[in-house]
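Structure record follows, encoded as structure tokens.
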Amino acid sequence: MKAYFDKATVRRSFSKAAKTYDQNSGFQNDVRLMLLAYLPKEDVLTALDAGCGTGGLAFEMNCLYPAAKVLAIDSAKDMLEAARENLPQEIRLFAADLESMPFKSQSLCLVASNLTYQWSVSLEKAFTECVRILRKDGRFVFSTLGPATFLELRESVNKAALLTGKNGLPPFMEFTGSEKLAGLLNKMGFVDIRIETKNVVRYYKNARELLKTLKRIGAKNPNAEGEKSLGRGALLKAAFNEYEKSHSGPAGIIATYEVLLVSCKKP
């Protein structure tokens with residue numbers, strides 16, 4: 001991530017969205033179901049949901065590994081409170097960051113995460129933490145977003161900027177591609193690295209509904225100035241018009257998500 005990434009803004013956004021997340025997380029639920037196929041089927045005694053949100057993946061792992069000790073972390077306090085309401089009491093929850101987790105070295109068999117690592121300020125630090133807390137032959141399995149995510153929105157905003165002559169928009173959030181991601185994991189010491197890419201298309205009533213849905217799950221540009229800049233009336237209206245003119249279908253406007261499904265292990 002670039003220097004403009006603001007961790008506190010991300011944490012506040014997800015905390016504010018805790019009460020509306022479950023009703024607007026259809027895409028996240030779909031990806032979680034994809035991710036389950038990549039989890040190991042056995043030899044899991046301790047498992048962590050890294051960035052648990054309202055607890056969906058932790059719940060699935062608790063069912064998948066009934067004899068295992070399942071843990072979950074999130075940095076957003078209100079998300080943890082929602083997860084506590086959704087999860088059985090035996091799952092232990094911790095307020096923690098991906099880059100500094102409160103677990104002993106070599107203490108976990110599995111770290112899994114659904115659509116969280118794209119919010120990490122430093123993937124190197126976050127991956128280093130996974131290496132530290134995993135046991136020998138421990139698995140690291142996660143989903144994240146790739147660079148083609150929101151390609152329609154990016155194109156529409158760029159066209160609108162040209163049409164309106166408005167400048168000064170914050171840069172879009174950057175997503176790490178599969179090649180760079182594999183390189184980082186290898187650099188941190190992981191082996192048996194496998195990455196599958198899937199383009200998932202979702203439909204929304206209109207462009208405004210897409211942005212509202214993202215806000216309701218806490219996903220926003222981590223640039224602290226993003227909301228003010230993108231909210232400029234003329235530019236926003238032009239971007240919506242371009243989006244709906246160029247990327248509409250029978251079911252509404254099209255939004256592409258590039259999903260990366262990643263599996264690797266600590267040697």
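The values are calculated or read from the model by the stated rules, or taken from the named source; none is laboratory data. It should be emphasised that the depicted structure is a prediction, and the values quoted were computed from it without experimental measurement. Here the Cβ positions follow ideal geometry from the backbone for every residue, glycine too, while neighbour counts run over all protein chains shown. Please note that ligands, DNA and RNA were not included when accessible areas were found on the heavy atoms of the full protein model with its side chains. Shrake-Rupley method; radii C 1.70, N 1.55, O 1.52, S 1.80 Å.
Restricting to the chain, what percent of DSSP beta bridges are antiparallel, rounded to 5?
Given both bridge residues lie in the chain, the antiparallel proportion sits at roughly 55 percent.
Determine the order of 201, 70 by accessible area, beginning with the largest, at a probe radius of 1.4 Å.
My answer, sorted largest first, is 201, 70.
How much of residue 193 can a 1.4 Å solvent probe reach, expressed as accessible area in Å² and rounded to 10?
50 Å²
Check which residues have an amide H placed less than 5 Å from residue 96's amide H, if you skip close sequence neighbours.
Distant-sequence amide H within range of residue 96: 74, 75.
Quick one: grab Rg to one decimal and Dmax as a whole number for the stretch 1-150, Cα atoms only, in Å.
14.5, 43
Using protein chains only and a probe of 1.4 angstrom, how many square angstrom of residue 237 are accessible, to the nearest 10?
Number for this one is 140 Å².
Straight distance only, please: which lysines reach the Cα of residue 237 with their own Cα at less than 24 Å, same-chain residues fewer than 8 apart left out?
159, 166, 205, 212, 215, 220, 228, 245
Where the accessible area of the chain is counted over protein heavy atoms with a 1.4 Å probe, how much of it, in %, is carbon and sulfur? Working shown, then result.
Details: 6570 of 12780 Å².
Carbon and sulfur: 51 percent of the exposed surface of the chain.
Trypsin sites (Lys or Arg not before Pro) within the stretch 104-204: which are DSSP loop residues with at most 13 other Cβ atoms inside 10 Å? Spell out each step's value before the answer.
Numbers: sites: 104, 125, 132, 135, 136, 139, 154, 159, 166, 180, 187, 194, 198, 202; in loops: 104, 166.
Passing sites in the stretch 104-204 are 104.
Step by step: find N for the chain, compute 2.2 N^0.38 Å, then divide the Cα radius of gyration by it. What's the final number?
Scaled against compact globular proteins, the figure is 1.02.
Can you give the calculated 222 nm mean residue ellipticity of the chain, where each DSSP H run of n ≥ 4 adds -39,500 (n - 2.57) and the sum is split over every residue, rounded to the nearest 500 deg cm²/dmol?
Values: 10 runs with 105 residues, N = 267.
The helix-only estimate for the chain comes to -11500 deg cm²/dmol at 222 nm.
Hey, got the dipole for the chain? About the Cα centre, +1 on K and R Cβ, -1 on D and E Cβ, debye to the nearest 20?
Once rounded to the nearest 20, the dipole reads 500 debye.
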